[in-house]
Amino acid sequence: MSSPDGNRNRGAIRLIARRAGRGLICVIGFLGAGAAAHAQSPRDRLTQMVAQFQTEPTPDAACEIILLAKEIQPAPAIPAVADRHMQRGIAAFKDATAPADYMDAAKEFELATLAAPWYGDAYYNRGVALDKARQPAIALGVLKFAQLILPESREVQSLIDQVQWRVEKQQREDADFNHSLLLNFTRRCR
């Protein structure tokens, strides 16, 4: 597992929220394309699906591509453009000093996943960068994609567990803050 800061125990995930109607359209679109896809080889279908994904990326499309890529033997190669964005993301991560800098790194890793949606290390690194950018909920979703690609990785699971704890902590703090606001409001209104 290629971690941008060399620490294999960092990361973050949160499933990306889907828009109900848009997810349905995506599924129907892929089902409609399925009839034509039966005549194609899995690699040809992958190429076609990636091209469509790059114009309209959705979580459902990413999942379909990942599952198809897992069936192809030998595994699809990582395109040079994806590797280039991965290296740029690692450089940005290493130079990062503030949350906005980590977001720049996360964007590069995202571009790597757009070029190669089956690139597990890119999802992992994006999750790490998002967690460092104080976006644990989003990071958690991204790490779920890394887990789908690398289901046996203890490193990915460890990072998911750590980020899940941060998400839950943030939710508790938000609830405590909202409760405090409500108490102060009701005291003033007496």
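The values are calculated or read from the model by the stated rules, or taken from the named source; none is laboratory data. Keep in mind it's a predicted model, so treat the numbers as computed, not measured. Here the Cβ positions follow ideal geometry from the backbone for every residue, glycine too, while neighbour counts run over all protein chains shown.
Points worth noting:
- The residue that is farthest from LEU68 (Cα to Cα), counting only those in segment 108-146 that are among the basic types (Lys, Arg) and part of a helix (DSSP H, G or I), is LYS132.
- GLN52 at pLDDT below 95 and not assigned by TED's automatic domain parsing to the domain that holds LEU150: no
- Sole residue being among the hydroxyl-bearing types (Ser, Thr, Tyr), modelled with pLDDT under 95 and surrounded by 10 or more Cβ atoms within 10 Å (Cβ to Cβ), chosen from SER180, SER153: SER180
- Selection within segment 147-168 - free of Cβ contacts under 8 Å to residues at least 12 places away in the same chain and part of a helix (DSSP H, G or I): ARG154, GLN157, ASP161, TRP165, GLU168
- Segment 24-49, subset at pLDDT below 95 and within 24 Å of the chain's Cα centre (by Cα), residue nearest to ALA77 (Cα to Cα): PHE30
- Filtered residue count, segment 60-79, keeping only those that are surrounded by fewer than 14 Cβ atoms within 10 Å (Cβ to Cβ) and not in a loop (DSSP other than H, G, I, E, B): 2
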